[in-house]
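Report on the structure given below.
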Amino acid sequence: MKKCVHLLISMCLVFSFVVCTTSAAISPYVEQNVEVISFENGDSLEIVTTITENLRASSKTVSKNYIYKSNGKNAVCYTLYGSFTYDGKTSKAIDASADATIYQSGWSLSDHEESYSGSTVRGTAVFSGPSGDKTLGGSITCDKNGKIS
C-alpha cells in the first residue's frame, strides 16, 4: 500500500512539473514603453508602445497608441497595430490595422491609412478638432532578431 501511495505522489509531482514548465514556455511576454511629447500651447502627445511576444513562434504583435491630449485631457487616440515574424536572419511584417477613438466632442476622424512592407508597418490618421487638424501616427519596425523600433 505504501508503495502505491509513493508511486502516486511521485507521478503527481512529475506531472505538475511538466505542466508548469510547459505553461511557462508558451506564455506571452509583454513589454510596454511610454513617451510624452509636450507642445508650447500646453497640449501633449503620449505614445504608448505595447509589445507582445509569442515565445514559441518567434513572432511579435505590437500596438502603438498615439494619444493627443488637449487641456490635460484625452482628446483623440490613434492606435496602430502590427504583426511580425523573425528568425535571426530576416524579419517580416505580416499584418497592419488600426483603431481610432474620440474622447472629446468637437473632434472627428477625417482620414486614415495603414500599410506594411518588408519589416515595417506604417499608419497615420488625421483628426479635425476645435484647434485645427492633427495628424497622428508613425511606423513600427522589427529587426531580424525581433527588436522593435
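May I ask you to list the trypsin sites (Lys or Arg not before Pro) in region 27-92 that are in a DSSP loop and have at most 10 other Cβ atoms within 10 Å of their Cβ?
Sites meeting the loop and neighbour criteria: Arg56, Lys89.
Which percent of the accessible heavy-atom area of region 44-149 goes to carbon and sulfur, probe 1.4 angstrom?
Carbon-and-sulfur percentage of accessible area, whole number: 43.
Starting from the 7 Å offset along Cα-to-Cβ, what nm value, one decimal, do you get for the label separation of Lys73 and Ser105?
About 1.1 nm separates the two model spin labels.
Would you tally the net charge around Asn145, using a Cβ to Cβ cut-off of less than 14 Å, leaving Asn145 out, and scoring K and R as +1, D and E as -1? Don't skip to the end; give the middle numbers.
Working: positive: Lys60, Lys89, Lys92, Lys144, Lys147; negative: Glu53, Asp87, Asp143.
Local net charge: +2.
Using +1 at the C-beta of Lys and Arg and -1 at the C-beta of Asp and Glu, which of Asn33, Tyr68, Ala57 has the Cα lying farthest in the positive direction of the dipole of region 24-92?
Farthest towards the positive pole: Ala57.
Tell me the net charge near Gly123. Cut-off is 11 Å between Cβ atoms, Gly123 excluded, with +1 for each Lys or Arg and -1 for each Asp or Glu. Intermediate results must be reported in sequence, preceding the final value.
Details: positive: Lys64, Arg122; negative: Asp99, Glu113, Glu114.
Net charge around Gly123: -1.
Can you tell me how much longer the chain between Glu31 and Glu46 gets when fully stretched, taken as 0.36 nm per residue apart minus their C-alpha distance, in nm with one decimal? Could the numbers behind the result be given before it?
On the way: separation 15, 0.36 × 15 = 5.40 nm, distance 1.65 nm.
So the extension gain works out to 3.7 nm.
The values are calculated or read from the model by the stated rules, or taken from the named source; none is laboratory data. If you're wondering where the values come from, they're calculated on a predicted model, not measured in any experiment. Using ideal geometry, Cβ is built from the backbone for each residue, glycine included, and neighbour counts are taken over all protein chains shown. Each accessible area value is taken on the protein alone, full model and side chains, heavy atoms only, with ligands, DNA and RNA left out. Shrake-Rupley method; radii C 1.70, N 1.55, O 1.52, S 1.80 Å.
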